[in-house]
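See below for the structure under consideration.
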Amino acid sequence: MADRLRHDQTQRAPTTARQRLAPLPSARDPMQRHLKIRSIPLSLRIAAGAVTLIVLAALGLLNLLSADQLARLRSAHETALLKTHEHNSEALRTSINGIRASVVFLAGLPPISGIARADGNRGIDPEGFETTERWRQRLEQIFARYVTTHPDYQQIRFVSATGRHRELVRVERRGDASVVIPAGALQSATESDLILGAAALNPGNVFLADLTTPAKGAGEAPNAPLTIRAATPVLSPDGGVFGVVIVHVAFDHLTDAILNNLPAGVSAFLAREDGRYLYTPTATPDAPTAPAWARQFPAANPATRPAKARTAVARVDTAAGALLTVGSQVHFDPDHRERYLTLFYTLPVAAISDGVSQSRNMVIAGVSAGSLLIAALLVWMIRRAFQPLSHLARAGEAMAQGQYDTPLPTLLDRELRGLGQAFTAMQVNIAQREAEFRAVTATSPDAFWALDMGGRILDVNKACERLLGYSRDELLGLRLSDLEAAKTPEEIRAQIREIVAGGGGLIITDYRRRDGSSVSVEITISHWPISGGRLFGFVRDITERRCVEEAVRQSEARYRLLFANSPQPMWLFDEVSLRFIDVNDAAVSHYGFSRADFLAMTLIDLHPVRDVPRLIKTIEETPSGRMSGEFQHRTQDGRTIDAVVWTERIKTGAGAERIALIHDISERKRTEQSLRLYANIFERSGEAILITDMRNRIVSINPAFTELTGYTLDEVRDKDPKMLASGGTAPEIYRAMWQALQESGFWQGELVDRRRDGSTYPKWAAISVIKNDAGEITHYMASFTDISDRKAAEERIQYLAHHDDLTGLINRYSLEHRLKQAINSTRREGRNLAVMFIDMDRFKLINDTLGHHVGDKLLQEVAHRLRQCGRESDIVARLGGDEFVLVATALNAPADALTLARDARESLARPYLLDGTPLHSSPSIGVALFPEDGTDADSLMKNADTAMYHAKEQGRNNVQFFTAAMNAAAAERVALETELRAALDARQFTLHYQPQVETHSQQLQAVEALVRWQHPTRGLVMPMSFIPIAEETGLIETLGAWVLDEACRQLAQWRHDGHPVSRMAVNLSACQLRSPELIDHVQAALARHGLGTGDLELEITETTAMANPEHAIAQLHALRESGVALAIDDFGTGYSSLAYLKRLPIQTLKLDRSFVRDIETDPNDAAISAATLALALSMGLKVVAEGVETEGQRHFLATHQCDLLQGYMFGKPAAAGVWQARWRETARQPIDPIL
């Protein structure tokens, strides 16, 4: 039977290391065993020990400090060496990349492109009309300056890529000066490999040649330094390689800093990819005897080291001593990874350790001398102090032999007198304790023995004699191993050593009696470290207790087997606290809690709160312990299960416990609930349901079917569902339905049926096939709903998904989509767009004070005013709260945003009359412009929001543009408005005129009057800067009246002078077209200057005409009746409606310059222009094309039957006097009246 060993922690006592050793020591006196050592005086031993400890500690600390200092120095040197190498490697790579960038920069110089263009055009550059020689001189100057400013550049050449590779330009460095080689001294380049390699590259790529000495030319030293040669191609206009730009850079200039300016003791090495040195500290680079570096320092070769350690410090042992090395490959050609330079540095290890060794030797000598002095002082002091103690030690040795009556010496010193008194008290106490111990062991009912450390029995009591059947004398001659029934002496000694180590313990084992029988005993052992060590043991007979324990164990095993292997969950819980005592594996698996989780829980933790009172009541009402009932339990993953629980009481020594058996009935409950649910679903479903048999005869319907169709079950039983058909469903749908049911067993789709009252309705039907276990069709089930309401709901949901329900404005989602569309449209048209972020000031105060219903009404009024401020093409949205966004699209200029923002601010700042109470709120508006402040929706919204917060910081109720430039532009606009009013009074306006000519003959047909502002300080101000301001301020009517009158006057004057101008075209603004006085002003001007029908043509834009189509049509008809010709300006750029366009009494369309500009290159512009011309031709209208500047544009327009042309090709807008002088000049040369 296996032994169990327990240690009694309360009886542990300290032991010496000598007592823990095996084999067990004998009981002889330790004073005799160490007689030789003790013959040395104690004072000398203490002094020697103290000095030894001091010396060892000092030397150990010194070694630690030295090793730490050496490690720190080496680590610092390695770090510095590694950082120096990394920095210089990157510097070398950067320098070579700089050469690559320089040669690409030089190849892109305009003179080089000019030479390439001139070479294919007889020496004349077709773009700048410069000669090849002129371009070559400019290139020589640039190359010379570049060589002068870059001391490491030795030569720059521009070489032809064809033939013999003739040098076109060459500049060299001679000393500190750059020398331009004359054209006559230029040669054919001999580096064909370099030139051909560069010519094979794409533009922007660079070919790096191997490091070589340059070709020896005039003025070069015989031993020229190593150079890096870099070349890049130059393309001709036809895409071929015209030439190559080559630079020669001195290699020593690039590497001087990384090879020479190094920390003390560090040596540098630089090698090619073939291993040959380019630089060593002592040898000449590329000397025939120079060894390949990889053979000289194999341990530093990056190619033979792991990838993670390619750039790391390595130790290399050489004949001259150990070196620290670091090296790596510097790849300088990204297109050829096989090309690289190897850079590495070395540092002698001896240079680090020499200084540390000298310091350590000096400290060792000092420590040795100090130790000798301390030893001498300690010996003298300790011998003097320990002399009285030697007498006391001899008395102690006698007491150790059991002679407790040994007289103690008289100690006179005050400190030692107390020690003597303590020895006397200890002598008396020990004698008394030994007497008491003898009495306890003699009267103890348990057996007792005492052992020495060798296992011999030294003492026993009477109980021990009775238990084992031996006499006292027989036992005193035995060892403990003689009593053991099963253990070997080695096992016993091992147990004793363990007990000695722990100070005591408990052993259960079997002893053999004198008659040969065995007895089970429990031994409590303690260890006393006296007289070489003693073991004391009290032995108790446990034979009867073991029999009881075995019976209990077998009973428990049977219960455990039944409990653990039950497939049903089982618990054991305390009847009072309801805490789990044990659970089986089935419970752990079923509930998901671990066994530890269960043991930390109570029965209540498994039950929902509502079930706890019923659970407690059920337990209390079953005092017998037998109980059954249905409860709900929760599992570890949060599920709730239904279970039937049976319990029985088990009586144990610990108290009343119950064992429970659990049966999960969740599946049965779910089945019952499902049946009830299906019945309720069928009866209470909002969808109409009908079920047919396999012959498609109706067998059941639900109430919703009757409510929807009007038919009861009696009216439809045994009938085919086709009785519901209205005839509005196509036969193909029914065929597809039956095919789907046969193939997949399911179909859904839309049908049109008829109710009992004859009305028809659309429905969404879902039909399923029901089969039995054999797979045979038994029934068909159809469910359907009237989808008229659903479609209406979908439309409502769609509306709410894109609009704000309170204000009816679009929401943030729709704003993002609409804003992206507006940005794309604005980008195509080349116009401007503004995003205005609007936040209502004091809205929160109004909302919190007067209530949300007042706040909602305020927001609705704000939305209404914003709609009125914006144009039809603008976007108004509410983001939430009191934040709104107004997107102004199709702006002609960024400054137009100021007007719209100002109108919005003024409108929103007016009082609000809500529920009869006037309320005041003002907006803070931030404006971001496209494309100045952002090119996408997110950036524009963010920048507008930033500007809005800036507006609040500026005091609220103001408009802030995102950029300071736009704020300045807004201020400039205000200044222009003020100066514009003064300009009308000061007559600072003038008219410029631009001719319109017949397409084929190019004869003058008409001129267009264009207003200009001759500002006294700003100079000539163009119309786009002041016309929008004049329109917004109402000054346009005064200005327009003056322009109309002045244009009519000038036409009359030209006719009087005999100049062939048949018609004057004048632009009409939207404000003028809306004015009720327009007709009177026009008729008065025509009469004042004697002009008749067709002499005056008024031009209006598409946007102007479409702003109020009905009013515009009426006004234009009145003008037409007054004899004025009419034209639509900038056709194709607005939002014209052809339905209204055909009603306008116009004679001419003006094709906008934005389409004409790219008519030769953009197929879209060409298609739009051709379509416009065809449209005008079909409607009987003339077309004037604006912005004609090239012969190709004129030819295209003439081909497509354009009537009139206008543009810089025929003359820029100029004052009347300029045209008069030109016409007088051309009168003498009638070939071209325009010129």
Taking the range 685-793, the equivalent ellipsoid from its C-alpha gyration tensor has semi-axes in Å, biggest first, of 22, 17, 13
Measuring from its Cα centre, the range 978-1227 shows a charge dipole (+1 at each Lys and Arg Cβ, -1 at each Asp and Glu Cβ) which, in debye to the nearest 20, is 460
Note on the range 803-962: contact order normalised by length, alpha-carbon pairs under 8 Å, 6 or more apart, percent, works out to 28
Which residues qualify? For Asp582, with a placed amide H closer than 5 Å and at least 5 residues away or on another chain, they are Leu572
Answer in debye to the nearest 20: the dipole magnitude of the chain about its Cα centre, from +1 Lys/Arg and -1 Asp/Glu charges placed on Cβ, is 5260
Taking the dipole of the range 725-877 about the Cα centre (Lys, Arg +1; Asp, Glu -1; charges at Cβ), the one of Tyr780, His853, Thr826 that reaches farthest to the positive side is Thr826
Expressed in angstrom and ordered largest first, the alpha-carbon extents of the range 714-854 along the principal axes are 72, 47, 37
Taking 0.36 nm per residue of separation between Arg479 and Leu1175 and subtracting their Cα-Cα distance, the length gained on full extension comes to 237.4 nm
Given the candidates Leu1039, Pro1060, Ile701, the one whose Cα lies deepest towards the positive end of the charge dipole of the chain, counting +1 at each Lys or Arg C-beta and -1 at each Asp or Glu C-beta, is Ile701
Asserting the computed 222 nm helical MRE of the chain (DSSP H runs at least 4 long, -39500 (n - 2.57) per run, divided by residue count, to nearest 500) equals -14000 deg cm²/dmol
What the 5 Å binned alpha carbon P(r) of the range 554-669 shows, as percent of pairs per bin from 0, is 2, 11, 21, 28, 21, 11, 4, 1, 0
Here, trypsin sites (Lys or Arg not before Pro) of the range 659-715 satisfying both criteria (DSSP loop; at most 15 other Cβ within 10 Å) are Arg695, Arg697
Taking R0 as 25 Å and r as the Cβ-Cβ distance between Asp515 and Glu549, the FRET efficiency 1/(1 + (r/R0)^6), rounded to the nearest 0.05, comes to 0.45
Checked against the structure, the computed semi-axes √(5λ) of the Cα gyration tensor in Å among (1) 102, 66, 34; (2) 120, 57, 26; (3) 72, 31, 26 is the one labelled (1)
Per DSSP, the loop-located GluC sites (Glu not before Pro) within the range 607-664 having at most 11 other beta carbons within 10 Å are Glu621
Descending packing, highest mean Cβ count within 10 Å first, for 829-842, 749-762 is 829-842, 749-762
The size of the Cβ-based charge dipole (Lys, Arg +1; Asp, Glu -1) of the range 685-793 about the Cα centre, to the nearest 20 debye, is 200
The answer for chymotrypsin sites (Phe, Trp or Tyr not before Pro) in the range 692-734 that fall in a DSSP coil and have at most 13 neighbouring Cβ atoms within 10 Å is none
Contour minus Cα-Cα span, Ile691 to Asn205, at 0.36 nm per residue, comes to 167.1 nm
Helix 788-802: inclination vs the chain longest Cα principal axis, degrees, rounded to 10, gives 90
Taking r as the C-beta separation of Asp1162 and Ala725 and R0 as 51 Å, the FRET efficiency to the nearest 0.05 is 0.30
Between Ser1001 and Glu1121, the FRET efficiency computed from the C-beta separation at R0 = 35 Å comes out, to the nearest 0.05, as 0.65
Expected vector for the range 609-614, Karplus 3J(HN,Hα) from phi with 6.51, -1.76, 1.60 and θ = phi - 60°, integer Hz, x for Gly and Pro, equals 4, 5, 8, 5, x, 5
Dipole check, the chain, charges on Cβ (K,R +1; D,E -1), about Cα centroid: among Val1188, Val147, Asn957 the Cα furthest to the positive pole belongs to Val147
Dividing the surface of the Cα convex hull of the range 454-554 by four yields a projected area in nm² of 7.1
Residue separation between Arg472 and Tyr1208 times 0.36 nm, minus their alpha-carbon distance, gives in nm 250.7 nm
Counted neighbours (other Cβ, 10 Å), sorted fewest up, put Asp605, Asp238 in the order Asp238, Asp605
Taking only Cα atoms of the range 817-933, the Rg to Rh ratio with Kirkwood Rh works out at 1.02
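Bear in mind these aren't lab numbers, they're just calculated from the coordinates by the rules spelled out. Here the structure is a predicted model, which is why all the values come from computation and not from measurement. With ideal geometry, Cβ positions are generated from the backbone for all residues, glycine too; neighbour counts draw on all protein chains shown.
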